[in-house]
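The values are calculated or read from the model by the stated rules, or taken from the named source; none is laboratory data. Bear in mind that the values here come from a model prediction, so they are computed numbers and not experimental data. Don't worry about glycine lacking a Cβ; one is built from the backbone with ideal geometry, like all the others, and counts go over all protein chains shown.
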């Protein structure tokens, strides 16, 4: 098998395809450029229609012929976790170039990926069904029933650029733990990181046919995968627009969709601001604000709004911004100059409509300075659309009911944060906030990889988190026995 990664010290800079257990070249290649400098650092091989078809066919065949028992799945996933952890420096360097991650963001991605694979490994050993209480039926005797959970078949994972390692692990890890075969199509922005993860799984002993990797644009490769009826389940993280297309194409087949968001965090007057402040600054600006749960709107009780805003702006100004390869950098570039320009135009539009710019707002290439706005209105795009950039709006409220209503008043419902020292306030708000995850004394961006993660409304449905994703990627089969 052709090793796509070169040596440990100098990994390959060509993202190849993994099809039929072999690393092969795409028919064409496209250039990969460093997100900060713009310099060429690698290439991506683009899969042809025939190669995509072969990848799916190979996964179907491997699902039948290469099944491995649960304990072996545990061993493979646990070993892959250790391999990933041991390659931290190589992976961080790769993500700095591909995604513009700072060292802190990259190290967090590696650490969480290893943990996610470890969790998947443990769950592989305890996939169970349940007993059915048949005797709850009147006059029924001598009959028992139970269920088994069985793999669905071929799982197609389509993954984003903003978490090119851990989100991929959250999709292919549970799929493999459950006994499925996988076809992975990562973001064309971050193909090399996906190659590293696939290589780690193969080195750990995964039968090669159970995992295929194809690269290319969603309009070409993604749509071909959606049209292939041999695929039993789709797991996707990305925009709501693409999620609708996937759901329509999937029809009666299963899907797990983690889609768009306009994330809010509410700060009550009785909140511990000293604890909340660093969490909020990090949640607004890590990964240059390009996280589906990044805090886009901070609702602050008007009684503390002035002091809170002054402190938040002061903390934001302390962030080092620029080259993500430098050790002290906290905010690096966005994924492209075009996306940075788009975000810049939104905040300029907001200022033109009356918003007040408290800090930031300037752009150098793909680097947008962390930006704080206030005096915004509900019709501004920085408020009513997903900005996906290091831009946050601070909005004062007089009544908590108003903040809850404004947080709910979007098409999305992925996650929300609430800071308060009053348990009654916390539990009452938790009942009324319309989100898949409600985090008390944490931000909307709070996540632990073991927990169920997913949204409601236009933020999608289904849940990530190894135990929960495995249930999504298996079918429940009923067995009854008369005796």
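Some observations on this one:
- Filter result for the condition that a residue is in contact (Cβ under 8 Å) with a residue 40 or more places away in the chain, assigned to a strand (DSSP E or B) and under 23 Å from the mean Cα position of the chain (by Cα), over 97, 145, 157: 157
- Meets criteria (under 18 Å from residue 80 (Cα atoms), modelled with pLDDT under 95, in the same structural domain as residue 35 (by TED's automatic domain parsing) and surrounded by fewer than 24 Cβ atoms within 10 Å (Cβ to Cβ)) for residue 204: no
- Within segment 351-390, tally of residues that are part of a strand (DSSP E or B) and over 28 Å from residue 458 (Cα atoms): 7
- Looking only at segment 443-452, and only at residues there that are in contact with a strand residue (DSSP E or B) (Cβ under 7 Å, 6 or more places away or on another chain) and surrounded by fewer than 22 Cβ atoms within 10 Å (Cβ to Cβ), the one that is nearest to residue 149 (Cα to Cα): 447
- Lone unmet requirement of (1) over 22 Å from residue 258 (Cα atoms); (2) in a strand (DSSP E or B) for residue 140: (2)
- Candidates are the residues of segment 268-291 that are crowded, with 19+ Cβ neighbours inside 10 Å and out of contact with any strand residue (DSSP E or B) (no Cβ under 7 Å at 6 or more places or on another chain); the one that is nearest to residue 340 (Cα to Cα) is 290.
- Residue match in segment 219-232 (condition: part of a strand (DSSP E or B), touching a helix residue (DSSP H, G or I) at 6+ places or on another chain (Cβ under 6 Å) and more than 17 Å from residue 110 (Cα to Cα)): no
- Within segment 328-362, tally of residues that are more than 25 Å from the chain's Cα centre (by Cα) and under 14 Å from residue 100 (Cβ atoms): 0
- Selected residue (criterion: farthest from the chain's Cα centre (by Cα)) from residues of segment 35-59 that are assigned to a helix (DSSP H, G or I) and surrounded by fewer than 18 Cβ atoms within 10 Å (Cβ to Cβ): 50
- Of all residues in segment 202-218, those satisfying the criterion of being farther than 18 Å from residue 26 by Cα, in contact with a helix residue (DSSP H, G or I) (Cβ under 6 Å, 6 or more places away or on another chain) and in a loop (DSSP other than H, G, I, E, B) are 204, 205, 206.
- Residue within segment 180-197 that is more than 17 Å from residue 17 (Cα to Cα), in contact with a strand residue (DSSP E or B) (Cβ under 7 Å, 6 or more places away or on another chain) and either modelled with pLDDT of 95 or more or surrounded by 24 or more Cβ atoms within 10 Å (Cβ to Cβ) (or both) present: yes
- Selection status of residue 316, surrounded by 16 or more Cβ atoms within 10 Å (Cβ to Cβ), modelled with pLDDT of 95 or more and either within 27 Å of the chain's Cα centre (by Cα) or not assigned by TED's automatic domain parsing to the domain that holds residue 279 (or both): yes
- Residue satisfying condition, being part of a helix (DSSP H, G or I), in contact (Cβ under 8 Å) with a residue 12 or more places away in the chain, surrounded by 16 or more Cβ atoms within 10 Å (Cβ to Cβ) and in contact with a strand residue (DSSP E or B) (Cβ under 9 Å, 6 or more places away or on another chain), within set 74, 63: 63
- Some residue of segment 131-146 being within 23 Å of residue 454 (Cα to Cα) and out of contact with any helix residue (DSSP H, G or I) (no Cβ under 6 Å at 6 or more places or on another chain): no
- Any chance residue 90 is under 18 Å from residue 198 (Cβ atoms) and under 23 Å from the mean Cα position of the chain (by Cα): yes
- Enumeration of residues in segment 27-41 that are modelled with pLDDT under 95 and either in contact with a helix residue (DSSP H, G or I) (Cβ under 8 Å, 6 or more places away or on another chain) or not assigned by TED's automatic domain parsing to the domain that holds residue 230 (or both): 27, 41
- Residue check, residue 108 on the phi > 0 side of the Ramachandran plot and within 18 Å of the chain's Cα centre (by Cα): no
- Residues that are under 24 Å from the mean Cα position of the chain (by Cα) and part of a helix (DSSP H, G or I) within segment 278-313 comprise 278, 279, 280, 281, 282, 283, 284, 285, 286, 287, 288, 289, listed in sequence order.
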